[in-house]
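Everything on this sheet refers to the single structure shown next.
Derivation of every value follows stated rules applied to the coordinates shown; laboratory data play no part. Keep in mind that this is a model prediction, so the values were computed, not measured. Cβ: placed from backbone, ideal geometry, glycine included. Neighbour counts: every protein chain shown.
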Amino acid sequence: MKEVYRYAYHYAGRPVGEGRLEVERRRGGVRASLQAEFLPPLPPGRQRWQTELDAEGFSLRFQERVEGKEVRVFAVERLEEEGVVLVSQGKESLAYPYLAPYHDPLSLFLALPGLALEPGEVVRFPMPGGRVYVERLPDVEVEGRARRQYRLRPGLSLVQVEEGRLVRVAQQVGRHVFEAVLLEAEGP
């Protein structure tokens, strides 16, 4: 079963592109990809995130590809049998010990709608090279519908979830706010 979400991107209140998130739930996990195109005043280009998740929703493989003035590829792969996490950027790679399940940026966003936190509660998730703290904020009402809110640190992102879907992500970038707003959703 496949879900498709289309987002509009804004920076400083101006439209700067669109993104398409596809989520395919499979037996034993999830495969998802986010494709985004950006326009000025952001640096124009394309970005693609791909992730494969285990049955618990943690990252098995993640790749970020950025196409602009140059092409950059960053990848993280969990190799449990070898007991390592392989991190690659361009031609360079390094392995570090696999200690516990972790999230990548896309798997974390996919996990937020299912979190059972009360306002004020904070949970810590490991990520490659660090960690992220997710704090449940009080709900807000938008157009008569309740939205759960989360603050992510570091980065101070604000994420809003409505009816199990990510409907808004906002983050301070420089002097302005970058925002992704759900335009339409297809699927369950």
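Key figures for this structure:
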| item | result |
| --- | --- |
| Relative contact order computed over the chain (Cα-Cα under 8 Å; 6+ residues apart), in percent | 17 percent |
| Scattering profile of region 8-88 at q = 0.18, 0.19 Å⁻¹ [log10 I(q)/I(0), Debye over alpha-carbon scatterers] | -0.83, -0.88 |
| Spherically averaged projected area of region 56-110 from its Cα convex hull (nm²) | 4.4 nm² |
| Cα centroid of region 125-187 to Cα centroid of region 78-121, whole Å | 19 Å |
| Percent of Cα-Cα distances greater than 13 Å, calculated over region 116-162 | 57 percent |
| Net charge of Cβ neighbours under 14 Å - reference VAL71; Lys, Arg +1; Asp, Glu -1 | +3 |
| Calculated [θ] (222 nm, deg cm²/dmol) that DSSP helices of n ≥ 4 give over the chain, each run adding -39,500 (n - 2.57) | -1000 deg cm²/dmol |
